[in-house]
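The values are calculated or read from the model by the stated rules, or taken from the named source; none is laboratory data. Computed from a predicted structure; not experimentally measured. In this analysis, Cβ positions are derived from the backbone assuming ideal geometry, glycine residues included, and neighbour counts consider all displayed protein chains.
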Amino acid sequence: MERLDKLLAGTGRWSRKEARELLRQGRVAVEGRPALRGEEKVPEGASVTVDGLPVSTERTVYLMLHKPAGVLSATEDRRQATVLDLLPEHLRKVGLFPVGRLDKDTEGLLLLTNDGGLAHRLLSPKKHVDKVYYAALDGPVTDGDVRAFAEGMTLEDGEPCLPAGLEPAGEDGCLVTLREGKFHQVKRMLALRGRTVLYLKRLSMGPLTLDGALAPGEWRPLNGAELEELEKLR
């Protein structure tokens, strides 16, 4: 059993607020009868329609994956392993996809879901969802590097970057906080400061932090607290 407004929002087509408005307007039916209350509990497999058109009530899935290096952030590839190949067969059949991409040689936190609406909000430039990375470098970062990141940088191809966070982490490491996701952005920004990234790992994305108990290649469903935090992005 699931709340009707949550079920509608889980399709990714409407926000929770928009789902409630659909209900208020009498545009939603469950098993052929009008439904007006978002808190109404709907049994699994029940027929739900909006404006007479069926709505898929397939349960949304949210998985936290510790992506290993050497695996593509993609749903399929003819020649190389993808993150979906790390999952059991039944989970490869529910329409999961990675939210954003990590380079093939980058490891760390990757959210897999079939909730298109949530993915859009996490990746939307307007939301400015922070993503934190640990990078091992060929030398230490300087105060000048920190200032350059904070002021915003222009990449070698002329593409501007929003201000970003940079702080030393160990002798030759750093933490980078981005609010956007340009191609190879961490590596390209550090390259402009004369540093080569030897190892890169994403530690967090928005309210999600990589579970330290997950080894590379391991995954788990998001827990209730994590889902509640994601719900706040709707």
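The lone criterion from (1) within 22 Å of residue 5 (Cα to Cα); (2) surrounded by 18 or more Cβ atoms within 10 Å (Cβ to Cβ) left unmet by residue 61 is number (2).
Take the conditions (1) charged (D, E, K, R); (2) assigned by TED's automatic domain parsing to the domain that holds residue 113; (3) surrounded by 15 or more Cβ atoms within 10 Å (Cβ to Cβ); residue 20 misses just one of them, which is (2). For region 175-234, taking the residues that are at pLDDT 95 or above and of a type in the set (Asp, Glu), the one that is surrounded by the most Cβ atoms within 10 Å (Cβ to Cβ) is identified as 211. Exactly one residue out of 202, 195 is touching a Gly at 6+ places or on another chain (Cβ under 9 Å) and either within 14 Å of residue 64 (Cα to Cα) or in the same structural domain as residue 14 (by TED's automatic domain parsing) (or both): that is 202. Counting only strands (runs of 3 or more DSSP E) wholly contained in region 1-114, the ones carrying 2 or more residues that are modelled with pLDDT of 90 or more and touching a Leu at 6+ places or on another chain (Cβ under 6 Å) occupy 62-67, 107-113.
Restricting 180, 167, 171, 229 to residues that are part of a loop (DSSP other than H, G, I, E, B), over 19 Å from residue 101 (Cα atoms), free of Cβ contacts under 8 Å to residues at least 60 places away in the same chain and acidic (Asp, Glu) narrows the list to 171.
Residue pairs whose Cβ atoms lie under 6 Å apart, separated by 6 or more positions or on different chains, with the first residue in region 19-33 and under 23 Å from residue 117 (Cα atoms) and the second part of a helix (DSSP H, G or I), are 19/5; 19/8; 19/9; 20/5; 28/22. Consider region 110-147 and keep the residues that are charged (D, E, K, R) and free of Cβ contacts under 8 Å to residues at least 24 places away in the same chain. The one that is surrounded by the most Cβ atoms within 10 Å (Cβ to Cβ) is 147.
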